[in-house]
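The values are calculated or read from the model by the stated rules, or taken from the named source; none is laboratory data. What you see is a predicted model, and the numbers here were worked out from it, not measured in a lab. Note: ideal-geometry Cβ built from the backbone for every residue, glycine included; neighbour counts use all protein chains shown. For accessibility, only protein heavy atoms count, side chains too; no ligands or nucleic acids. Shrake-Rupley method; radii C 1.70, N 1.55, O 1.52, S 1.80 Å.
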Amino acid sequence: MKRFTSVLLAGGLLVTALPAAAQSTIRAGDSVQGSLSSSDPSLEDGSHYDCFNLQARAGERIGITLRSNDFDAYLAVVEGRNCSSEASVETDDDSAGGTDSRVQMTLGSGPYSIRANSLSEGEVGRYTLAVEGLAAVRPVDPIYLGRASGQWFGDLAAGDALADDESWFDCYAFDARSGQTVGIGLTSQDFDAYLSLHEGGTCDVEIVSDDDSLGDGTDAYIEHVIERSGRYSIRANSFTSGETGRYALVLEIE
C-alpha cells in the first residue's frame, strides 16, 4: 500500500500530498506529518529518509524543524533535487532540543531539497517537518584589513551581524593572492570562539570553519591555501547563540 503524508498549510488548510519518497514540495508556512519506514530509501549508513523539494526564493531566510517521538531526528538541506547526495549545505542533529533538529539559513540560488532523516541505522516512526519564514538579517558591514597581517581586538555584542544560528559575529575582509597561505586565530576568555573563512568580502560563502583547534581550550584556528586571487572575509563568531564578549583575532598572510 502506498503511504501518503498530510500537509498542514499556512492558514490551517489540510491537504493530502504525494508520497514523501516521491519528493513532495514544501515551502515556508507548511507543516508535514510524515513517517519513516523500512521501505523508504536509505543512505550508506543504513538510515532511512524522506525527501522534500523546497520551494523558496534566493535570499529568503528560513527555519526548518524536524521533530519525532519515535527516533533521533537528523535534518539535512541538500543543494539540488537528489536527497541521496551526501554533500549537504546544512545539517543538524539536536538543535531543536532533545533529539529534534533545526536548521536556520539564508538561501542562495538553489534549488534545494530537505532530507528528513534518522540519525541511526534502521530507525523508523512518525515525524513532523515544519518550514517557517524568518526575518532577514541586517547587511554585513565588514572591517577592511587590506593585505595586512596583524592582530586586532574586538567585542561581540547584541546588535552585531547575526548568523543563521542566531549567534553574533564581526566580519573582517582582506585581499590575498593565489598560492598564499593564510593562518587565522580567534581567542576569547568570554565565549567559545568559532571561526570561519569566506569567499568574497561579506562573510557569506563559507570555505572552511573551525571551533577548537587552537590549543586545548575553546579557541579556533584555520590555515588555508588561497586558490584564487581576490577578496576574502573572516567571521569572528561565537559557537553558541547569544554569547558576547571580548576577543583577539590574528591574521597571518604568507
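Is at least one residue of the range 100-118 out of contact with any Cys (no Cβ under 9 Å at 6 or more places or on another chain), of a type in the set (S, T, N, Q), crowded, with 16+ Cβ neighbours inside 10 Å and without any contact (Cβ under 8 Å) to a residue 40 or more places away in the chain? First the steps, then the outcome.
Looking only at the range 100-118, we keep the residues that are out of contact with any Cys (no Cβ under 9 Å at 6 or more places or on another chain), and these are 100-112, 118.
Retained after the next criterion (residues that are of a type in the set (S, T, N, Q)): 101, 104, 106, 109, 118.
Subset that is crowded, with 16+ Cβ neighbours inside 10 Å: 101, 104, 118.
Filter again for without any contact (Cβ under 8 Å) to a residue 40 or more places away in the chain, leaving 101.
Looking through the range 100-118, at least one residue is out of contact with any Cys (no Cβ under 9 Å at 6 or more places or on another chain), of a type in the set (S, T, N, Q), crowded, with 16+ Cβ neighbours inside 10 Å and without any contact (Cβ under 8 Å) to a residue 40 or more places away in the chain.
Which of the residues spanning the range 231-241 are under 30 Å from Arg102 (Cα atoms) and open to solvent by 50 Å² or more (accessible area, probe 1.4 Å)?
Residues satisfying the conditions are Phe239, Thr240, Ser241.
Which ranges mark the strands (runs of 3 or more DSSP E) fully within the range 1-88 that have 1 or more residues being modelled with pLDDT of 95 or more and loosely packed, with under 13 Cβ neighbours inside 10 Å?
Details: elements: 6-8, 14-16, 24-27, 31-36, 49-55, 61-67, 73-79.
No strands (runs of 3 or more DSSP E) qualify here.
Restricting the search to the range 89-108, which residues are farther than 17 Å from Thr128 by Cα and in a loop (DSSP other than H, G, I, E, B)?
If the condition is that a residue be farther than 17 Å from Thr128 by Cα and in a loop (DSSP other than H, G, I, E, B), then Leu107, Gly108 are the ones that fit.
Any residue at all in the range 123-133 that is open to solvent by 10 Å² or more (accessible area, probe 1.4 Å), at pLDDT 90 or above, in a loop (DSSP other than H, G, I, E, B) and more than 23 Å from Asp164 (Cα to Cα)?
Yes, there is a match, as at least one residue in the range 123-133 is open to solvent by 10 Å² or more (accessible area, probe 1.4 Å), at pLDDT 90 or above, in a loop (DSSP other than H, G, I, E, B) and more than 23 Å from Asp164 (Cα to Cα).
Name the residue that is nearest to the chain's Cα centre (by Cα), counting only residues in the range 150-167 that are touching a residue at least 40 places away in the same chain (Cβ under 8 Å) and open to solvent by less than 50 Å² (accessible area, probe 1.4 Å).
Step one: list which residues in the range 150-167 are touching a residue at least 40 places away in the same chain (Cβ under 8 Å), which gives 150-158, 161, 163-167.
Retained after the next criterion (residues that are open to solvent by less than 50 Å² (accessible area, probe 1.4 Å)): 150, 154, 156-157, 161, 163-164, 167.
Values: Gly150: 30, Gly154: 24, Leu156: 20, Ala157: 21, Ala161: 16, Ala163: 9, Asp164: 7, Ser167: 12 Å.
Among them, the one singled out is Asp164.
May I ask you to list the residues in the range 134-149 that are part of a loop (DSSP other than H, G, I, E, B) and buried (at least 17 other Cβ atoms within 10 Å of the Cβ)?
Of all residues in the range 134-149, those part of a loop (DSSP other than H, G, I, E, B) come to 134-142, 147-149.
Of everything in the range 134-149, those that are part of a loop (DSSP other than H, G, I, E, B) and buried (at least 17 other Cβ atoms within 10 Å of the Cβ) turn out to be Val140, Pro142.
Of everything in the range 212-230 that's at pLDDT below 95 and charged (D, E, K, R), which residue is most open to solvent (accessible area, probe 1.4 Å)?
Here the answer is Asp216.
State which residue is farthest from Phe52 (Cα to Cα) when the search covers only the range 67-79 and only residues that are out of contact with any Phe, Trp or Tyr (no Cβ under 6 Å at 6 or more places or on another chain) and of a type outside the set (Asp, Glu).
Asn69
Could you list all residues from the range 63-100 that are among the hydrophobic types (A, V, I, L, M, F, W, C) and under 11 Å from Ile114 (Cβ atoms)?
Going residue by residue through the range 63-100, those that are among the hydrophobic types (A, V, I, L, M, F, W, C) are 64, 66, 71, 73, 75-78, 83, 87, 89, 96.
Ile64, Leu66, Leu75, Ala76, Val77, Val78, Cys83, Val89 - these are the residues of the range 63-100 that are among the hydrophobic types (A, V, I, L, M, F, W, C) and under 11 Å from Ile114 (Cβ atoms).
What's the number of the condition Leu197 fails, among (1) in contact with a Leu (Cβ under 7 Å, 6 or more places away or on another chain); (2) open to solvent by less than 10 Å² (accessible area, probe 1.4 Å)?
Of everything listed in (1) in contact with a Leu (Cβ under 7 Å, 6 or more places away or on another chain); (2) open to solvent by less than 10 Å² (accessible area, probe 1.4 Å), Leu197 misses just condition (1).
Which of the residues that make up the range 181-191 are in contact with a strand residue (DSSP E or B) (Cβ under 6 Å, 6 or more places away or on another chain) and either farther than 11 Å from Arg235 by Cβ or open to solvent by 50 Å² or more (accessible area, probe 1.4 Å) (or both)? Steps first, please.
First, pick out the residues of the range 181-191 that are in contact with a strand residue (DSSP E or B) (Cβ under 6 Å, 6 or more places away or on another chain): 181-188, 190-191.
Scanning the range 181-191 gives Thr181, Val182, Gly183, Gly185, Thr187, Ser188, Asp190, Phe191.
Closer than 17 Å to Phe71 by Cβ, touching a Ser or Thr at 6+ places or on another chain (Cβ under 9 Å) and open to solvent by less than 50 Å² (accessible area, probe 1.4 Å): does that describe Gly97? Steps first, please.
Values: closer than 17 Å to Phe71 by Cβ: yes; touching a Ser or Thr at 6+ places or on another chain (Cβ under 9 Å): no; open to solvent by less than 50 Å² (accessible area, probe 1.4 Å): yes.
When the stated conditions are applied, Gly97 does not pass them.
For Asn117, work out the one condition from (1) within 18 Å of the chain's Cα centre (by Cα); (2) over 20 Å from Gly63 (Cα atoms) it doesn't fulfil.
It fails just one condition, (2).
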